[in-house]
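Report on one structure; see the data block that follows.
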Amino acid sequence: MKYKIAKAFTKQTAKIKDPKILAKIRKTIEQISEAAALQDIPALEPLQGFPNYYRIKFDYRYRIGIYYDGGDVEILKVGSREGFYKEFP
């Protein structure tokens, strides 16, 4: 599956210093690229009230926010659980 990474995602990832979290982010992006369909991405759930917006829970504290409208997956945000839902989408 094709994907695009937003500039905001890159900036947010640069602020994360924990190498284990960065490795999990890298693994999640690889899973997105290898997925044939949206349902093949593990731990993916739609956000209620926002069609085409999804979250991926890749750590007990961190989430990745994506947008999918049938074309490419756009990776928009990464953040801790506490602030993720306040700012996304």
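The numbers here are math on the coordinates, done by the rules we state, and not lab data. No experiment lies behind these values; they were computed from the predicted model shown. Backbone-built Cβ (ideal geometry, glycine too); neighbour counts: all protein chains shown.
Descriptive notes on the structure:
- Single match in Tyr68, Tyr62, Tyr54 (criterion: touching a strand residue (DSSP E or B) at 6+ places or on another chain (Cβ under 8 Å), within 15 Å of Glu87 (Cβ to Cβ) and aromatic (Phe, Trp, Tyr)): Tyr62
- Within region 3-31, residues that are over 15 Å from Phe84 (Cβ atoms) sit with their Cβ atoms under 8 Å from residues that are hydroxyl-bearing (Ser, Thr, Tyr) and surrounded by fewer than 14 Cβ atoms within 10 Å (Cβ to Cβ), at 6+ positions apart or across chains, in these pairs: Tyr3/Ser33.
- Selection count where residues are at positive phi and surrounded by 13 or more Cβ atoms within 10 Å (Cβ to Cβ), scope region 43-67: 2
- Checked against the criterion of being assigned to a helix (DSSP H, G or I) and either touching a helix residue (DSSP H, G or I) at 6+ places or on another chain (Cβ under 7 Å) or hydroxyl-bearing (Ser, Thr, Tyr) (or both), the candidates Ile25, Ile32 yield just one match: Ile25.
- With respect to the stated conditions, Tyr62 is farther than 22 Å from Lys2 by Cβ and in contact with a Gly (Cβ under 9 Å, 6 or more places away or on another chain).
- Taking the criterion of being in contact (Cβ under 8 Å) with a residue 12 or more places away in the chain and farther than 13 Å from Ile32 by Cα, the residues of region 61-70 that qualify are Arg61, Tyr62, Arg63, Asp69.
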